[in-house]
């Protein structure tokens with residue numbers, strides 16, 4: 001099997017699994033308990049917190065553990081909105097965000113907040129002048145993703161952070177698809193809040209981090225005990241936290257060298273696809289992208305048909321976000337970038353990973369050539 005869907009999830013790194021096992025077997029205490037078992041678990045959580053803080057270049061007390069990137073995004077948006085409601089009710093985001101941000105924004109609209117959805121250009125980039133023009137006296141939060149999950153396009157978060165800082169507006173960025181793939185550390189992006197998830201960087205599922213810069217106004221969304229500095233109630237998932245810390249250490253240590261390797265493989269993939277198949281388009285090709293991601297439109301056929309045909313060949317790709325597989329509508333990201341519905345429906349995402357090799361790329365391109373030719377032939381017969 002050739003797995004080219006690493007933006008959906010990644011395999012658990014053996015070192016992360018090894019770090020987790022003691023906390024699934026003999027060290028199973030509750031970190032809030034005062035006895036030896038509890039103290040062992042609490043020490044493991046705090047050691048992991050310090051390790052992650054070192055990996056992303058922030059302070060340990062700025063790390064809040066959550067159950068998923070979606071929860072981390074919800075805590076950022078809802079938490080800031082509640083904390084600053086007396087100051088204003090305007091939120092700015094973009095048309096290409098993950099549904100964890102878009103649907104949360106829509107829910108906040110139903111609760112009386114105003115939300116501005118900024119457009120992007122054909123390369124998938126938010127324009128700074130449009131962002132600046134959208135900021136108003138009652139703007140309390142800007143939330144713009146770092147790297148898009150479908151196209152891999154990277155937003156200029158450092159420049160955005162400089163703008164929001166001057167305006168006194170809180171900035172959140174969803175870095176789920178960039179953390180560990182780019183040399184930039186989440187704590188150095190300049191954002192006040194940054195989300196990232198364990199299973200996107202070879203850690204376990206069910207664990208994520210929200211980086212909360214000191215003194216950022218934020219209220220809890222899940223209430224109960226005083227876990228996670230009072231921002232996220234609930235007994236900590238000790239084993240997953242330990243596994244995430246180990247996976248994050250590995251990911252950030254190898255991000256630059258692995259990024260170079262994956263960029264070369266992605267470029268090889270795209271060159272071969274463009275030279276071997278007519279009527280294709282690489283979406284976001286002119287923009288900076290995370291090095292492992294390629295989103296390609298094949299004119300005249302449906303992307304879902306390509307995905308199913310490649311699966312028969314033992315190749316795993318997707319049409320976009322794993323969270324949207326039940327949605328028959330064209331990708332909102334590609335539509336926002338100016339593609340028409342047919343172009344968007346004919347797109348697939350290939351996201352490479354640590355086990356991807358040149359022979360996997362060459363085999364995939366060969367399978368794509370045969371698949372696209374066959375599907376286009378079937379499509380033309382149907383349309384006669």
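Rundown of residues vs (1) closer than 17 Å to residue 332 by Cα; (2) in a loop (DSSP other than H, G, I, E, B); (3) assigned by TED's automatic domain parsing to the domain that holds residue 83, yes/no style:
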{"residue": "106", "(1), (2), (3)": "yes, no, yes"}
{"residue": "112", "(1), (2), (3)": "no, yes, yes"}
{"residue": "120", "(1), (2), (3)": "yes, yes, yes"}
{"residue": "133", "(1), (2), (3)": "no, no, yes"}
{"residue": "142", "(1), (2), (3)": "no, no, yes"}
{"residue": "145", "(1), (2), (3)": "yes, yes, yes"}
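Identify all residues within segment 146-164 that are closer than 10 Å to residue 178 by Cβ and touching a helix residue (DSSP H, G or I) at 6+ places or on another chain (Cβ under 7 Å); write none if there are none.
146, 148
Looking at (1) in a loop (DSSP other than H, G, I, E, B); (2) closer than 18 Å to residue 351 by Cα, which is the one condition that is false for residue 296?
Failing condition for residue 296: (1).
Would you mind finding the one in 92, 80, 45, 101 that is in a strand (DSSP E or B) and at pLDDT 95 or above?
Testing whether each residue is in a strand (DSSP E or B) and at pLDDT 95 or above leaves just 92.
Scan segment 286-299 residue by residue and report those that are surrounded by fewer than 18 Cβ atoms within 10 Å (Cβ to Cβ) and either in contact with a strand residue (DSSP E or B) (Cβ under 9 Å, 6 or more places away or on another chain) or on the phi > 0 side of the Ramachandran plot (or both).
The answer is 288, 299.
Can you tell me which residue in segment 138-188 is surrounded by the fewest Cβ atoms within 10 Å (Cβ to Cβ), limited to those that are touching a strand residue (DSSP E or B) at 6+ places or on another chain (Cβ under 8 Å) and modelled with pLDDT under 95?
187
Which one of 71, 26, 50 is outside any loop (DSSP other than H, G, I, E, B) and out of contact with any helix residue (DSSP H, G or I) (no Cβ under 8 Å at 6 or more places or on another chain)?
Selected residue: 71, the only one of 71, 26, 50 that is outside any loop (DSSP other than H, G, I, E, B) and out of contact with any helix residue (DSSP H, G or I) (no Cβ under 8 Å at 6 or more places or on another chain).
Could you say which residue among 206, 243 is modelled with pLDDT of 95 or more, part of a helix (DSSP H, G or I), in contact with a helix residue (DSSP H, G or I) (Cβ under 6 Å, 6 or more places away or on another chain) and over 22 Å from residue 141 (Cβ atoms)?
Only one candidate qualifies: 243.
Look at segment 65-88 and say how many of its residues are surrounded by 18 or more Cβ atoms within 10 Å (Cβ to Cβ) and within 21 Å of residue 140 (Cα to Cα).
13
Which residue out of 239, 233, 264 is without any contact (Cβ under 8 Å) to a residue 40 or more places away in the chain, at negative phi, more than 16 Å from the chain's Cα centre (by Cα) and in the same structural domain as residue 77 (by TED's automatic domain parsing)?
From the options 239, 233, 264, the qualifying one is 233.
Any idea which residue in segment 302-340 is farthest from residue 255 (Cα to Cα), counting only those that are assigned to a helix (DSSP H, G or I) and at pLDDT below 95?
324
If you go through segment 279-289 one residue at a time, do you hit one that is in contact (Cβ under 8 Å) with a residue 24 or more places away in the chain and assigned to a helix (DSSP H, G or I)?
No, the conditions are met nowhere in segment 279-289.
The values are calculated or read from the model by the stated rules, or taken from the named source; none is laboratory data. Just so we're clear, the structure is a prediction, and the values are computed from it rather than from any experiment. All Cβ positions, glycine included, derive from the backbone under ideal geometry; neighbour counts span all protein chains shown.
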